[in-house]
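Participant: This is the structure I have questions about; it appears just below.
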Amino acid sequence: MTILLDQIIKDAKKLPLIPLVSSSEYHEKLSLMLRDVNEMMEDTPSINNLIGNNPLVVMRDNHKNHAQFMATVFTIGNYELLARTIPWVYRAYSGHKFTYDYITVHLYNWLKAIDTHINAENTKEIKTVYNWMIDKHDVMISLSQEKQIEPPPVKPDWMERKNNFLSALLDGDTKKCIEISNESIKTKNDIESFYLQIIQPVMYEIGMLWERGEISVAREHLASAIVSRILSTNGMRGFSIQKNKGKAVICASPNEFHEIGAWMISDVLEYEGWEVKYLGANMPKEDLIELLTDFKPHLLALSVTMPFNIIKTKEIIRDIKNNSNLSKIKVLIGGRAFNETTDLWHAAGADAFASDVQKMKAIVNSWL
Ligand code: B12
């Protein structure tokens, strides 16, 4: 962590916690405030310049993510998450031609919407946080320009293969990617290294290229689609598997569209000897509970990439723990949302957290 980031995290941690009544009201009034903020932004005369001539729908989408993210920060009271995320916002938005001024105008409009919709006695702490973000504008610009966290380290003997895979992925060369995958996976024990040394670092690099505006959404989708095709073939390799370790359900939380990490976890558990049901992305709570009730797994592994999905994840875990038929299921969580912010995973109420497949194996084996 850099000195500046360390300072801003310390400063953020001095912000007041949001009383439950205020965070609940912020949550309740979210769509009203969002509607007003969108209208105020669209009525701003220089809006097209502010948003770098991006389509308005991209801006509205950003506002929705902002609203859900702030509701999460207020509900779980984690300001380290706030301080770590804002520099990413400045970097990613400016990488996509939004101006820095857009961010300030947007925050001032949130202050107006908060005053319009939230009872005056519940606004004090929320406005303190918004004013803090406005005050830190210049620091956040500097932080966003600092060197970014590198992707997870790749072992020297995998480096060339990883680079070749990345180039092939960016070229959309599915055949070459499948060749590299076949060269790398000869036995079921090779799958984990292929995932950790190639797929994960390559996808993180794809993310950074997108964040800096160096590749389009189409290129990122192309990469994700090829990786998904490769993961599908891994499930069909026909390596012998003994199902002697118990039953596991794996999915990504509601509104969570990142599923590659969860899929990797699922494959590794399956090859480790678990009887696995992998449910994919964006899993609705009620249907998950129904499946858990039928299948009666020993383990539920939930994946969360976007911090704004933590609240829904917390609700799932709460309902499982409060249900006498399900309360014995061990709940493991993981995903990018928890990887950087210390102890954030505790907010979701899970039994344990693992930052990657290797650590996940150690935890589930200790539960056997
Ligand atoms: C591909 C991708 C997408 C695809 C996903 C397709 C798919 N089929 O999964 C799509 C297009 C859907 C997408 C959408 C979005 N994305 Co995206 N996406 C990515 C990208 C490039 C790769 C994700 C990935 O596959 N990573 C590789 C896997 C293997 O890594 P992992 O998930 O961390 O998993 C490992 C561990 O975390 C752990 N783990 C994961 N899950 C679990 C679960 C358990 C139980 C355990 C124990 C461990 C564990 O083990 C895994 C293996 O070691 C990332 C970049 C990145 N750094 O990840 C951005 C990224 C995550 N996306 C980002 C953003 C902003 C978005 C959008 C908001 C964009 C938008 N404006 O629409 C939306 C959000 C959609 C939503 N509501 O979920 C940002 C998030 C930034 C932030 N501050 O939070 C990132 C980081 C890009 C960036 N650098 O800016 N995205």
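Participant: With the requirement that a residue be within 16 Å of the ligand (Cβ to nearest atom), within 22 Å of Ile9 (Cβ to Cβ) and in contact with a Leu (Cβ under 8 Å, 6 or more places away or on another chain), what does the stretch 88-144 give you?
Facilitator: Tyr90, Met133, Leu143, listed by residue number.
Participant: Determine, yes or no, whether Leu332 is in the same structural domain as Ser253 (by TED's automatic domain parsing), more than 8 Å from the ligand (Cβ to nearest atom) and under 30 Å from Met70 (Cβ atoms).
Facilitator: So Leu332 fails the test.
Participant: Hey, another quick one. With respect to the numbered conditions (1) surrounded by 17 or more Cβ atoms within 10 Å (Cβ to Cβ); (2) of a type outside the set (Val, Ile, Thr); (3) near the ligand (Cβ under 9 Å from one of its atoms), which one is the sole condition not fulfilled by Tyr204?
Facilitator: Single failed check for Tyr204: (1).
Participant: Could you pull out the residue among Met306, Met360 that is under 28 Å from Lys243 (Cβ atoms), surrounded by fewer than 22 Cβ atoms within 10 Å (Cβ to Cβ) and within 12 Å of the ligand (Cβ to nearest atom)?
Facilitator: Met360
Participant: If you go through the stretch 179-222 one residue at a time, how many are farther than 24 Å from Pro156 by Cβ, of a type outside the set (D, E, K, R) and assigned to a helix (DSSP H, G or I)?
Facilitator: Of the residues in the stretch 179-222, 5 are farther than 24 Å from Pro156 by Cβ, of a type outside the set (D, E, K, R) and assigned to a helix (DSSP H, G or I).
Participant: Right, here's the next one. Is it true that Glu192 is surrounded by 17 or more Cβ atoms within 10 Å (Cβ to Cβ) and not assigned by TED's automatic domain parsing to the domain that holds Val89?
Facilitator: yes
Every residue, every condition in (1) part of a helix (DSSP H, G or I); (2) in contact with a helix residue (DSSP H, G or I) (Cβ under 6 Å, 6 or more places away or on another chain); (3) free of Cβ contacts under 8 Å to residues at least 60 places away in the same chain, yes or no:
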position: Glu121; (1), (2), (3): yes, no, yes
position: Met133; (1), (2), (3): yes, yes, yes
position: Pro152; (1), (2), (3): no, yes, no
position: Asp157; (1), (2), (3): yes, no, yes
position: Lys162; (1), (2), (3): yes, yes, yes
position: Leu166; (1), (2), (3): yes, yes, yes
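Participant: Exactly one condition in (1) under 29 Å from Asn65 (Cβ atoms); (2) more than 10 Å from the ligand (Cβ to nearest atom); (3) not small (Gly, Ala, Ser) is false for Thr233; which is it?
Facilitator: Every condition holds for Thr233 apart from (1).
The values are calculated or read from the model by the stated rules, or taken from the named source; none is laboratory data. Treat the numbers as computed from the prediction; the structure is a model and nothing was measured. For neighbour counting, all protein chains shown are included, and Cβ atoms are generated from backbone atoms with ideal geometry for every residue, glycine included.
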